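Chemist: A single structure is presented below for examination.
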Amino acid sequence: MNIYFNDGVNTSTCVHTCNTLEEAKSWISGQIKGYTMVDTDHACTEDVMTSSKTALYQVFDGEPVTTGEDGEPTFASPIFESDYFFTE
């Protein structure tokens, strides 16, 4: 499992790898502890969501983008995503 940090602005980066989805969820839980989550009590506007002021973690079983035989990129869907959280 590859865990990627995605702030919606910069290129997503792999920040951790683990063997199981449960390990990934546990690691993510530890990383977002103390951050304010984006929710109905802490809503944000669309311009904030498309800035680097919010982020989420995404878990992929492998790489998120691979190149096919025809040279075209294939985008994988994450098998798990954390909720968005405020980075500032």
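Chemist: Filter the stretch 58-83 down to the residues that are open to solvent by 90 Å² or more (accessible area, probe 1.4 Å), over 15 Å from THR13 (Cα atoms) and in contact (Cβ under 8 Å) with a residue 24 or more places away in the chain and list them by number.
Modeler: ASP83 - this is the single residue of the stretch 58-83 that is open to solvent by 90 Å² or more (accessible area, probe 1.4 Å), over 15 Å from THR13 (Cα atoms) and in contact (Cβ under 8 Å) with a residue 24 or more places away in the chain.
Chemist: Can you pull out every residue in the stretch 1-41 that is among the polar types (S, T, N, Q) and either under 18 Å from PHE86 (Cβ atoms) or in contact (Cβ under 8 Å) with a residue 40 or more places away in the chain (or both)?
Modeler: ASN2, ASN6, ASN10, SER12, SER29, GLN31, THR36, THR40
Chemist: Return yes when CYS44 is at pLDDT below 85 and either outside any loop (DSSP other than H, G, I, E, B) or hydrophobic (A, V, I, L, M, F, W, C) (or both) and no when it is not.
Modeler: Here the answer is yes, as CYS44 does meet what is asked.
The values are calculated or read from the model by the stated rules, or taken from the named source; none is laboratory data. Computed from a predicted model, the values in this text were never measured in an experiment. Ideal geometry is used to build each Cβ from the backbone, glycine not excepted, and the neighbour counts take in all protein chains shown. When the accessible area is computed, the model is the full protein with side chains, heavy atoms only, and any ligands, DNA or RNA have been set aside. Shrake-Rupley method; radii C 1.70, N 1.55, O 1.52, S 1.80 Å.
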